[in-house]
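Before any comments, here is the structure.
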Amino acid sequence: MSTAPLIRLYGPEDVLAWEADGPRSVAEFLADVTELADMLPDQRSVLNLFSSRYEFLVGFAAAMVRGHVTLLPQSRAPQTLRRIAGEYGDCYAVTDQGDPVEGLPCVTLPSRGSRSGRTPRSAAVPHIPLQQAVAVAFTSGSTGQPMPNRKTWGALVSVGLAIGSRFGLKAGLCRSVVATVPHQHMFGLEASVMLPIQHGLAMHAGRPLFPEDVRTALVEASGRSVLVTTPLHLRACVMAEIALPSVEMIVSATSPLSRELARQAETRFHAPVNEIFGFAEAGSVASRRTVAADEWHMLDGVVLTGQDPEWSVRAEYLPRPIRVPDRIAVTEQGQFRVLGRTQDQVNIAGHRASLGDLTQKLLEVDGVQDGVFFLPEEGQAPLTRLTAVVVAPGKTGEDIRRALRWSIDPVFLPRPLVMVPKLPRNETGKLPHDALRRLVEQHSDPESTHEP
Amino acid sequence: MSTLSLEHELAALIVEALKLKADPSSIQPEAPLFGNGLGLDSIDALELSLAIAQTYGYQIKSTDPEIKTMFSSLRALARAIEKNRTK
């Protein structure tokens, strides 16, 4: 059976991770994995709740060595963990924070002190079968109920290698990876865990939030870093009046990055800003240099298949072609532009549009900081109209509507257009449908909007 | 500036930075800002840290010794700013 090594391109004394108290060598890592693997129970599914990226990797690797599947919940909310633990009855948790789910067997890493005196029993890098199912990622709540997506080791390795090769990491350009994204997230797993361990890079174990945290993490990672992040964190760094170390490269994902912010971030960090396009069902599939192109370039080994309006991605490591959840326009060169979510197709009075397109037009209105178009529950009126929720301090609904008349077909003008102080984005910047619906209900009182 | 007037000023800053549509004087000095109180989250913390840095020249970081307590209430945040402000 074909296998791939757990980690590549390191020597035994190379730094694999920067923890809060210093470096972890490859030899220490392999010893930690062996020790934890021996401690794991016989259940086949594991909730890996380690908050340190390094400890998460130790837990993930130990589970793979034992043939266990790591579950990647969308949130650490107790009800989410309980639900997943219920669905996967054969389940335990590895954690640094006590019992996370009532009644679930729990394993923690032995304390650092007790580990440092031991003699590593095995320095061999484990090899994992490519076909082994190693993780389950749950799809985003913005397309409805979370759905499980099984990932093989081969898929994770292929994507990690493809991201690195796209950005030229093979050339030894970079030394470390610093990430603001959670490692339990699909993009975080690929770009902040798989990317470093498949390219011999040191990962920073922290998850910096504030710009000053990002600065410190970049310094601790001792330079030549790849910064893996999101538009939200990039914006905070661009706005902060602090001197930020330069990085080799920025990789952003989870929500669309504006070209203006990408340009500012490139100036601030003296580095190219690359964006990754992906979705939990397939993982990362394409990339672009945001300041240079609207078109996304497929990662090595991934091809588009299908025809308008329905496209899928195909790759050797995927069990079958997987439908692209967005509406895309494919160029002759096999690149594509994102037009909007397929589920977001609307037909109003015989006119078709994509909510993604409309939202983009709304975001281009002067003074609009955030906003979204969506289709309210249908069947309430003979003609369904779109709702827009807008964050634009100092502007009235009429200002926004007037501007939109220039850019969109009048049938799509929102009724109502609700002005709100902020949108209920989750920590990866997405807008769960339920939260959006609740927000509109809260603001459905005309007194609470700025409607003329 | 007295602690009390800093609290008033900070309440206004929070309402403005997070666009809370609330009367600043309605924020109780000892009530929690996050979770069950004002219901702020980590993205709000990020947003609020930017406003605090711009107004008071204090760059909040997760390793600050008072980080666990400073976001617990308006009063605690005012105290942390008083101690760390550079403008």
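The values are calculated or read from the model by the stated rules, or taken from the named source; none is laboratory data. These numbers come from a predicted model, not from an experiment. FYI the Cβ positions are ideal-geometry reconstructions off the backbone, even for glycines, and counts take in every protein chain you see.
Data table
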quantity	calculated
Residues satisfying the stated conditions in segment A:315-359, i.e. outside any strand (DSSP E or B), at pLDDT below 80 and hydrophobic (A, V, I, L, M, F, W, C)	A:Ala349
Qualifying residue in segment B:14-22 (condition: surrounded by fewer than 19 Cβ atoms within 10 Å (Cβ to Cβ), modelled with pLDDT of 85 or more and either under 26 Å from A:Leu218 (Cα atoms) or more than 10 Å from every other protein chain (Cβ to nearest Cβ) (or both))	no
Residue list for segment B:43-61, restricted to those being part of a helix (DSSP H, G or I), farther than 17 Å from B:Glu9 by Cβ and among the polar types (S, T, N, Q)	none
